[in-house]
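The structure under discussion appears below in the form of structure tokens.
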Ligand code: MG
């Protein structure tokens, strides 16, 4: 008798054969009894959400820093946008939404302060131990650094959640032809849909880009066509349509937000249509069989081409914008200075990290300490270090 209060029954009824079903999980390193009403991946999601590293995402920049205003995305709001897009895709493809959400909330948890420039500089400082990878560091956080349980370090997440993040850290499975779980694949796709769209939004809002300059891109033209079509269908709320598309406004809704909405919607719609076709051959297969068969879902060729064009444009016009470069360079300098000061005086590391250095090189431990910081906390420790010549810095 099916009981919809039981997660296993709900999954049996709702999920596709090729979804990752909770009943097939390989479990946790430290075995735990099942929960009365939460499935293993729902519990993983909650553990990540309640972790201290997750909360710190609110203080980490995505692309733009706090010096550039307060409107734009932080790594926390980016993470929620990824989770939202990924959950929608998971639901339509009948994949495991709890696992999808857990993976989305986890995916950026290992990012150091100051976005990609922070990662680049840490990686240079840590060259002798193989550099730094935020995907790998996310695993270190949830397996070792988070302290929530008496019996063990880390969050004791399910094997599939850890393996999904591990796939992001080592994209090596492609080499042996095995594909990641479909839930892992769609989180990757949702990540890039979300950041392309919100970087367009933030850059327009900050005046780093104009709608006119974006109109050279195929995907923007198509999104704009959808905006125009919907505007002409709706009457009453439309205030004015100018010949110049960037000047068109709808009451209380600037063009920018309509454009970004359509940009996400057309990519998700394309992805769903294409994926449903790609998954026809997988009907009746298990999650494992789909992986062995190397089945991958993705965008249509046309949208894939347009996305590459958009990303190239954003790289040149936004990420290398003259207003952004000095901010990034100065942040990179502070991270590098903090790193070399700690390397010269490792006794200034907080106690927890000095203990970690008993089992691993100082260079790795210093990198972990800095990588866990928010942008603001990193600046504070930089100040503390320059103002006083002794005593350990603060733990996060
Ligand atoms: Mg991301």
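Just so it is clear, none of the values below were taken in a lab; they were calculated from the coordinates. All values reported here derive from a predicted model rather than from experimental measurement. Neighbour counts run over all protein chains shown; Cβ positions are idealised from the backbone, glycine included.
What is the calculated FRET efficiency for residue 29 to residue 1, with r their C-beta to C-beta distance and R₀ = 30 Å, to the nearest 0.05?
On the way: r = 34 Å, r/R0 = 1.14.
E between residue 29 and residue 1, to the nearest 0.05, is 0.30.
Along the Cα-to-C-beta direction of residue 304, a point sits 7 Å from the Cα; which residues of the stretch 261-285 have their amide N less than 15 Å from that point?
Of the residues in the stretch 261-285, 270-279 have backbone N under 15 Å from the label point off residue 304.
Extension gain residue 8-residue 140, at 0.36 nm per residue separation less the Cα-Cα distance, in nm? Walk me through the intermediate numbers first.
On the way: separation 132, 0.36 × 132 = 47.52 nm, distance 3.02 nm.
Extra length from residue 8 to residue 140 when fully extended: 44.5 nm.
Is the chain rounded, prolate or oblate when judged by the Cα gyration tensor, a ≥ b ≥ c being the square roots of its eigenvalues, rounded requiring a/c under 1.5 and prolate requiring a/b larger than b/c? All intermediate terms of the calculation are to be shown ahead of the outcome.
Values: a/c = 2.03, a/b = 1.13, b/c = 1.80.
Oblate, since a/c reaches 1.5 and b/c is not below a/b.
With r as the distance between the Cβ atoms of residue 50 and residue 311 and R0 = 51 Å, compute the FRET efficiency 1/(1 + (r/R0)^6) and round to 0.05.
Calculated value: 0.95.
Can you tell me the order of 359-366, 332-339 when each peptide is scored by its average per-residue count of other Cβ atoms within 10 angstrom, highest first? If you can, show how the numbers build up before the last one.
Working: 359-366: 16.2, 332-339: 18.8.
Put in order of decreasing packing, that is 332-339, 359-366.
Take each of the peptides 204-212, 257-265, 92-100, 156-164, average the number of other beta-carbon atoms within 10 Å over its residues, and list them starting from the highest. Provide the component values of the computation, followed by the final result.
On the way: 204-212: 16.2, 257-265: 19.6, 92-100: 24.0, 156-164: 22.4.
So the order, starting with the most tightly packed, is 92-100, 156-164, 257-265, 204-212.
Among 187-194, 378-385, what's the highest-first ranking by average C-beta atoms within 10 angstrom per residue? The partial results should precede the final answer.
On the way: 187-194: 23.4, 378-385: 17.5.
Highest to lowest by the protection proxy: 187-194, 378-385.
Residue separation times 0.36 nm, minus the C-alpha to C-alpha distance between residue 68 and residue 148: what's the value? Don't skip to the end; give the middle numbers.
Working: separation 80, 0.36 × 80 = 28.80 nm, distance 3.53 nm.
Result for the pair: 25.3 nm of gain on full extension.
What FRET efficiency, computed as 1/(1 + (r/R0)^6) with R0 = 51 Å and r the Cβ-Cβ distance, is obtained for residue 124 and residue 226, rounded to the nearest 0.05?
Details: r = 43 Å, r/R0 = 0.85.
E(calc), rounded to 0.05, equals 0.70.
So for the chain, averaging the separation of alpha carbon pairs under 8 Å that are six or more residues apart and normalising by length, what relative contact order in percent results? Could you put the intermediate results ahead of the total?
Working: 541 pairs, mean separation 80.2, N = 396.
Computed over the chain, the figure is 20 percent.
Normalising by the residue count of the stretch 286-396, find the relative contact order in percent from Cα pairs under 8 Å and 6+ residues apart.
This gives 25 percent for the stretch 286-396.
Let me have the 222 nm mean residue ellipticity of the chain computed from DSSP H runs of 4+ only, each contributing -39500 (n - 2.57), with the sum over all residues rounded to the nearest 500. Show your work: numbers first, answer last.
Numbers: 18 runs with 218 residues, N = 396.
Counting only the DSSP helices, I get -17000 deg cm²/dmol.
Any idea how far apart residue 277 and residue 265 come out in nm if each label point goes 7 Å out from Cα toward Cβ?
Distance between label points: 2.2 nm.
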